Amino acid sequence: MKCLVGIDDTDSSKGFCTTYLAFKVASQSSHANFRVFGYPRLVRLNPNIPFKTRGNAAVCLPLETEEVKETFESVCSIVERLSDVGNGANSGVVLLHDPRTVPFLRSVYLAALHGVVNKERVANQLRENGVPTFQLGNGMGLVGAAASVTFDESYDHTYELIAYRRRDFWGTPRRFDLTSVQAMDQRTSPDTFNNYDYHKERPLIAPHGPDPVFLGVRGSTPGTVLKAFQMLRYEEDLEGHMIYLTNQGTDAHLEHELELPLKAYSSGWLEGEIVSARPGPGGHQYIHLSSRGARVDCAVYEPTGDLNRSARLLISGDRVRIMGGVRRPSARHGKLVNAESIEVLSLARQRTMSNPLCQNCGLRLKSEGRAKGFECQRCGWRAREGTKRIRRIPRRLRAGLYLSSPRAHRHLTKPLIRYGREAADEVYPLIDGWLRSFIPVPELARSL
Ligand SMILES: [Zn+2]
């Protein structure tokens with residue numbers, strides 16, 4: 001019998017990782033009473049909510065088993081052993097036979113992408129529908145677990161191969177050959193993305209924290225990410241790797257129009273006309289937008305790089321669509337939209353007024369004050385007020401889409417390279433090498 005097992009919130013800020021747990025469950029399948037029948041799904045949820053661990057990722061494993069109850073119990077016992085409850089993990093696990101028979105789950109996925117979901121309501125609905133669940137801590141992970149089981153290939157999607165470190169390496173620097181990352185990028189782009197930041201000359205494939213992830217290669221098909229991974233050279237014996245189907249790189253959290261007045265921690269987009277745009281401290285750009293009759297504050301923070309530089313060229317009268325997440329009010333600001341990307345829909349005309357020239361000597365006249373006319377500083381020639389010249393300044397911005405620099409991307413951010421290359425509703429079979437675990441079986445059992 002086929003079923004989907006959703007797992008979420010097993011990690012904490014101090015380490016561990018929900019995808020590592022899924023990798024451990026899948027690695028065990030060769031000598032357990034279940035098998036994995038499709039790519040495990042790595043499902044990223046609303047990145048703009050505060051109570052989340054590093055990446056706000058849930059995982060869904062498609063499992064086939066004759067012993068559903070035993071399989072669920074063995075997954076739950078692995079979750080119990082590998083969850084970092086002592087450091088704040090609030091794990092949740094759900095098991096479903098067919099997500100289509102529980103229609104409310106689709107709305108849980110969409111709500112968990114765009115806003116804040118009430119955990120009790122989801123728990124009640126799961127109970128009413130007879131869905132088996134398991135939870136640790138406050139069980140907040142039930143929301144992500146329930147959300148993850150409805151994400152599949154019918155949505156825009158990408159793949160990621162994640163390679164895992166052996167436990168003795170956790171917390172040590174990750175050593176790999178940078179030139180092999182560049183070579184891989186040049187040979188596989190645009191079928192892979194976000195491998196290397198050529199501006200800062202830094203790899204983007206590896207995290208920096210104490211977690212078990214060595215690196216991740218993101219791309220459009222399972223075959224591409226595996227081939228790209230095999231091009232990399234690194235100096236570490238890894239525990240293994242697994243390929244995931246994922247909603248990363250799709251902007252899935254930005255598809256809905258934001259509600260007005262703004263709701264804290266929601267994600268989405270807003271359209272409107274710029275009332276004013278000016279730089280603030282720290283190089284951040286602040287924009288007041290008039291949208292659907294309301295005035296909305298937006299910020300384009302300095303670390304967004306390219307996006308911040310483009311946003312500095314916006315002026316009042318420009319029409320834009322701003323995509324991003326709503327920050328809660330702080331001492332310095334009310335609620336504001338933290339821009340992740342901006343589409344310039346139309347540009348206002350930029351004009352400048354300049355004083356007239358002296359008709360005797362050609363020098364630019366000096367204003368004598370408001371409504372007092374102009375006078376030449378050299379020969380004393382005078383001109384009336386109202387003779388200012390209006391000049392049109394060519395805009396240095398064009399209508400179109402502006403994105404943040406790759407280093408500022410969140411997991412869900414759709415990179416420029418994927419525009420027009422959205423995934424078709426195509427299901428790839430598991431390929432040779434989609435899962436590798438170099439830990440021998442007895443050691444694996446001990447490590448669980
Ligand atoms: Zn003059």
Original post:
What FRET efficiency would be calculated for the residue pair ARG175, ASN138, taking the C-beta separation as r and a Förster radius of 41 Å, to the nearest 0.05?
Top reply: 0.60
**OP:** Excluding residues on the same chain fewer than 8 positions from LYS366, give the aspartates and glutamates whose Cα lies under 14 Å from its Cα.
**Re:** GLU375, GLU385
Subject >> Accessible area in square angstrom per residue, segment 238-383, 1.4 angstrom probe >> reply: 47
**OP:** Please work out how much accessible surface GLU273 shows to a 1.4 Å probe, ignoring ligands, DNA and RNA, in Å² rounded to 10.
**Re:** 80
Subject >> Phi to ³J(HN,Hα) by Karplus 6.51 cos²θ - 1.76 cosθ + 1.60 over segment 391-405, Hz, x for Gly, Pro >> reply: 10, 8, 9, x, 6, 8, 10, 10, 5, x, 9, 10, 10, 6, 5
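Note down the net charge around LEU96, summing +1 for each Lys or Arg and -1 for each Asp or Glu among other residues with Cβ under 15 Å from its Cβ.
+1
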Subject >> Residue among ASN355, VAL149, ILE417 farthest towards the positive dipole end of the chain, charges placed on Cβ >> reply: ASN355
Original post:
Taking only Cα atoms, what is the 0 to 90° angle, nearest 10, from helix 178-188's long axis to the longest principal axis of the chain?
Top reply: 90
Original post:
What is the gain in length, in nm to one decimal, between LYS69 and VAL85 on full extension, counting 0.36 nm per residue of separation less the C-alpha to C-alpha distance?
Top reply: 3.4 nm
Subject >> Rounded tilt (10° steps) of 119-128 against the dominant C-alpha axis of the chain >> reply: 40
Original post:
Which lysines, on any chain, are close to LYS24 with Cα under 20 Å apart, when same-chain ones fewer than 8 places away are left out?
Top reply: LYS2, LYS14, LYS69
Original post:
With every protein chain left in place, what is the accessible area per residue of segment 2-152 in square angstrom, probe 1.4 Å?
Top reply: 37
**OP:** Would you mind computing, in nm to one decimal, how far apart the modelled labels at ALA331 and ARG202 are, each placed 7 Å from Cα along Cα→Cβ?
**Re:** 2.9
Subject >> Unpartnered cysteines - no second Cys beta carbon under 4.7 Å - across the chain >> reply: CYS3, CYS17, CYS60, CYS76, CYS298, CYS361, CYS379
Subject >> Mean ellipticity per residue at 222 nm, deg cm²/dmol - from DSSP H runs of n ≥ 4 across the chain, formula -39500 (n - 2.57) >> reply: -5500 deg cm²/dmol
Original post:
How far, in degrees from 0 to 90, does helix 18-28 lean away from the longest principal axis of the Cα atoms of the chain, to the nearest 10?
Top reply: 30
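Kirkwood hydrodynamic radius of the chain from all distinct Cα pairs, in Å?
24.4
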Subject >> Built amide H within the under 5 Å cut-off of ARG166, gap 5+ >> reply: GLU239
**OP:** Could you state how much accessible area ARG292 has, in square angstrom rounded to the nearest 10, with a 1.4 Å probe and all protein chains kept in place?
**Re:** 130
**OP:** Heavy atoms only, probe 1.4 angstrom, no DNA, RNA or ligands counted: give me ASP237, ASP152 ranked by accessible area, highest first.
**Re:** ASP237, ASP152
Original post:
Using modelled backbone amide H atoms (1.01 Å from N, in-plane), which distant-in-sequence or interchain residues come within less than 5 Å of ASP318's amide H?
Top reply: ILE274, ALA348
**OP:** Apply 1/(1 + (r/R0)^6) to the Cβ-Cβ distance of ASN33 and GLU128, taking R0 = 25 Å, and write down the FRET efficiency to the nearest 0.05.
**Re:** 0.30
**OP:** Keeping all protein chains in position, work out how much accessible area LEU336 exposes to a 1.4 Å probe, and write it in Å² to the nearest 10.
**Re:** 10
Subject >> Partners for LYS335 among lysines (Cα-Cα distance below 25 Å; same-chain residues under 8 apart left out) >> reply: LYS52, LYS119, LYS263, LYS414
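Suppose a student asked you for the relative contact order of the chain, using Cα pairs under 8 Å spaced at least 6 residues apart; what percent would you report?
16 percent.
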**OP:** Post the alpha-carbon centroid distance, segment 102-151 to segment 302-348, in whole angstrom.
**Re:** 32
Subject >> GNM result for the chain, Cα springs below 10 Å: residue of GLU426, GLU385, GLU66 fluctuating most strongly >> reply: GLU385
**OP:** Report ³J(HN,Hα) in whole Hz for each residue of segment 153-165, in order, from the Karplus equation J = 6.51 cos²θ - 1.76 cosθ + 1.60 where θ = phi - 60°; Gly and Pro get x.
**Re:** 5, 6, 8, 4, 7, 9, 10, 9, 8, 10, 9, 10, 8
Original post:
What is the extension gain from SER154 to LYS2, computed as 0.36 nm multiplied by their sequence separation minus the C-alpha to C-alpha distance, in nm to one decimal?
Top reply: 52.9 nm
**OP:** State, as an integer percentage, the relative contact order of segment 348-390 based on alpha-carbon contacts under 8 Å between residues 6 or more apart.
**Re:** 38
**OP:** Could you list which residues have their amide H under 5 Å from that of LEU215, counting only those 5 or more apart in sequence or on another chain, with H placed in the peptide plane?
**Re:** ALA163
Original post:
Taking the chain as a Gaussian network, Cα atoms linked when under 10 Å apart, which of ARG395, ARG370, ARG319 shows the biggest mean-square fluctuation?
Top reply: ARG370
Original post:
Residue by residue through segment 104-115, which ³J(HN,Hα) values in whole Hz follow from phi under the Karplus form 6.51 cos²θ - 1.76 cosθ + 1.60 (θ = phi - 60°), with glycine and proline marked x?
Top reply: 5, 5, 4, 6, 5, 4, 5, 5, 6, 7, 9, x
Subject >> Tensor-based shape of segment 2-152 (alpha-carbon gyration tensor, a/c under 1.5 rounded, otherwise prolate or oblate) >> reply: oblate
Original post:
Put PHE438, PHE374 in order of accessible area, largest first, 1.4 Å probe: what do you get?
Top reply: PHE438, PHE374
Original post:
Tell me, what % of the accessible area of the chain is carbon and sulfur with a 1.4 angstrom probe?
Top reply: 48
Original post:
What ranking of SER220, SER404 comes out by heavy-atom accessible area, probe 1.4 Å, highest first?
Top reply: SER220, SER404
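The values are calculated or read from the model by the stated rules, or taken from the named source; none is laboratory data. Remember, predicted model here, so these are calculated numbers, not experimental data. So basically every Cβ, Gly included, is an ideal-geometry build from the backbone, and we count neighbours across all protein chains shown. Remember, those area values only see protein heavy atoms, side chains included, never the ligands or the DNA or RNA. Shrake-Rupley method; radii C 1.70, N 1.55, O 1.52, S 1.80 Å.
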